[in-house]
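Novice: I have a structure I would like to understand better, so I am pasting it below and will then ask my questions one at a time.
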Amino acid sequence: MADLDAAAVAVFAETLRELREELRALLRSSADGAKPVGLDQAAVGRLSRVDALQQQAMAQANRQQVQVRLRRCEAALEAIQRDEYGLCRRCEEPIAIARLEAMPEAPFCVECQQGRS
Ligand SMILES: [Zn+2]
């Protein structure tokens, strides 16, 4: 069991549900930005086409980050249902509460996260 009592877990659950909605809304609103850049060379000069490609790459990278966070949110909400929220999914030690407050969807403790990256 994590260092969290039921009241604290309920607060994290609420935060995670809100975060999940925000991330879903973000994915919906960014869907247009990640679409392939058109090949209309007449309308788009070479330099602005490079800009457009860079912006598209950034939008896609952002989208991927949002998708990762969304998956982590969902996994964290599932962990709450299993009564395993706040436990590192690798070493199964409790994740520091300060870390969860900063990143409620964090799947790993600081040590395991650093070991992975
Ligand atoms: Zn760990």
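Coordinate-derived values only; no laboratory data. The structure displayed is predicted, hence computed values, not measured ones. Please note: Cβ atoms are built from the backbone with ideal geometry, for glycine as well, and neighbour counts cover all protein chains shown.
Novice: Can you list the residues, at least 5 places off or on another chain, whose amide H is less than 5 Å from the amide H of R90, using H built in the peptide plane?
Specialist: C109
Novice: Would you kindly derive the ³J(HN,Hα) couplings of region 84-89 from the backbone phi angles with the Karplus curve 6.51 cos²θ - 1.76 cosθ + 1.60 (θ = phi - 60°), listing them in order in whole Hz, with x for Gly and Pro?
Specialist: Ordered by residue, 3J(HN,Hα) equals 10, 5, x, 9, 4, 7 Hz.
Novice: Follow-up. Between Q81 and L27, take the C-beta separation as r, use R0 = 41 Å, and let me know the FRET efficiency to the nearest 0.05.
Specialist: Working: r = 23 Å, r/R0 = 0.57.
So, using R0 = 41 Å, E works out to roughly 0.95.
Novice: Each residue of region 103-109 in turn: what ³J(HN,Hα) in whole Hz from Karplus with 6.51, -1.76, 1.60 and θ = phi - 60°, glycine and Pro shown as x?
Specialist: 8, x, 8, 4, x, 10, 6
Novice: Give me the number: length gained by fully extending C91 to Q64, i.e. 0.36 nm times residue separation minus the C-alpha to C-alpha distance, one decimal in nm. Can you show the working numbers first?
Specialist: Working: separation 27, 0.36 × 27 = 9.72 nm, distance 2.59 nm.
Here the answer is 7.1 nm.
Novice: If you don't mind, another one. Explain nothing, just compute: Karplus ³J(HN,Hα) = 6.51 cos²θ - 1.76 cosθ + 1.60, θ = phi - 60°, for every residue of region 49-65 in order, whole Hz, x for Gly and Pro.
Specialist: Karplus values, whole Hz, x for Gly and Pro: 5, 4, 4, 4, 5, 5, 5, 5, 4, 5, 4, 5, 5, 4, 4, 5, 4.
Novice: Can you compute the FRET efficiency between D5 and Q113 using 1/(1 + (r/R0)^6), with r the Cβ-Cβ distance and R0 = 30 Å? Round to the nearest 0.05.
Specialist: 0.80
Novice: Taking amide H atoms as placed 1.01 Å from N in the peptide plane, list the residues 5 or more away in sequence, or in a different chain, whose amide H sits under 5 Å from that of A96.
Specialist: Residues meeting the amide H criterion: V110.
Novice: For each of L27, L47, count neighbouring Cβ atoms within 10 Å of the residue's Cβ, then give the residues from fewest to most. Don't skip to the answer; put the middle values down first.
Specialist: On the way: L27 15, L47 8.
Neighbour counts put them in this order, fewest first: L47, L27.
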